[in-house]
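The values are calculated or read from the model by the stated rules, or taken from the named source; none is laboratory data. Remember, predicted model here, so these are calculated numbers, not experimental data. Here the Cβ positions follow ideal geometry from the backbone for every residue, glycine too, while neighbour counts run over all protein chains shown. We work out accessible area using only protein heavy atoms, side chains counted, and drop any ligands, DNA or RNA first. Shrake-Rupley method; radii C 1.70, N 1.55, O 1.52, S 1.80 Å.
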Amino acid sequence: MRKFTLAAAVAATFLAVPAFAQDSAPTADAAPGEAAAPDGSKAFGIAPYFGVLGGWEGFDRRVGHGIPNTPIGGRKLQGAVVTGVAGVNVPLGPVFVGAEGEVSKGVDGAIDWGYGAAGRFGFRAGDSGLFYGKVGYRWINFDRYGNDSPDFHAMTYGVGFEAGPKDIGLKGITGNAGFRLRGEVSTFGSAKSFRPQLGIVTHF
């Protein structure tokens with residue numbers, strides 16, 4: 001079921017891109033004759049960013065599929081998390097590629113610390129908007145297992161979006177840089193977890 005949900009989210013995200021991009025028109029930010037992205041900024045460059053997201057993560061406890069050491073009938077490994085991210089995007093016209101690192105901390109529940117790195121790729125749309133997919137590797141440690149908890153690790157996959165001020169009706173207060181709303185859904189391993197997050201990132 002989780003695999004179907006994640007697949008549906010991926011499909012919905014990337015089917016929405018063409019319609020969003022058609023409503024976008026370049027502005028005067030790029031020099032005359034210079035290639036421009038959908039938001040009117042320069043089509044090529046390097047764009048570093050950092051941000052903070054909050055969310056929740058729940059892990060599968062099915063025998064033979066979920067995280068090991070969870071007793072049969074035991075409580076599910078889940079809890080609220082706060083995640084810090086930092087990375088860099090490389091705009092390539094209407095698309096972009098990039099890489100980011102993350103560190104997360106469990107606020108309550110069974111999760112202690114997590115950290116990882118991922119590559120991102122996707123489309124630029126609207127005024128400073130992004131739709132993206134990500135693939136990486138993540139390690140996670142659980143409070144539930146005490147101070148001797150091992151670091152569980154696996155591939156991670158996700159999809160998400162970022163919306164700049166003009167995209168959310170704030171009249172472009174910060175232009176093409178500045179704060180953006182970011183939403184993301186990701187999973188750990190072969191759909192062993194479900195992690196929705198929402199937060200703020202700032203590009204500069």
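Accessible surface area normalised per residue over segment 47-203 is 43 Å², counting heavy atoms of protein chains with a 1.4 Å rolling probe. Couplings 3J(HN,Hα) of segment 99-104, computed from phi: 9, 8, x, 9, 9, 10 Hz, in residue order, whole Hz [Karplus 6.51 cos²θ - 1.76 cosθ + 1.60, θ = phi - 60°; x for Gly and Pro].
In summary, segment 107-175 shows an alpha-carbon radius of gyration equal to 1.58 times the 2.2 N^0.38 Å reference for compact globular proteins.
Here the gap between LYS105 and ILE46, fully extended at 0.36 nm per residue and compared with their Cα-Cα distance, gives a gain of 18.4 nm.
Take LEU170 and TYR137, extend 7 Å from each Cα along the Cα→Cβ direction, and tell me the distance between the two endpoints in nm. If labels sit at LEU170 and TYR137, their model points lie 3.6 nm apart. With the simple model of a label 7 Å out from the Cα in the direction of the Cβ, ALA86 to HIS65 spans 3.8 nm. Other residues lying with their Cβ under 14 Å from the Cβ of THR202 contribute a combined charge of 0, Lys and Arg counting +1, Asp and Glu -1. To the nearest µm²/s, what D does Stokes-Einstein give for segment 47-203 at 25 °C and 0.890 mPa s, using the Kirkwood radius over alpha carbon pairs as Rh? Once the numbers are plugged in, D ends up at 151 µm²/s.
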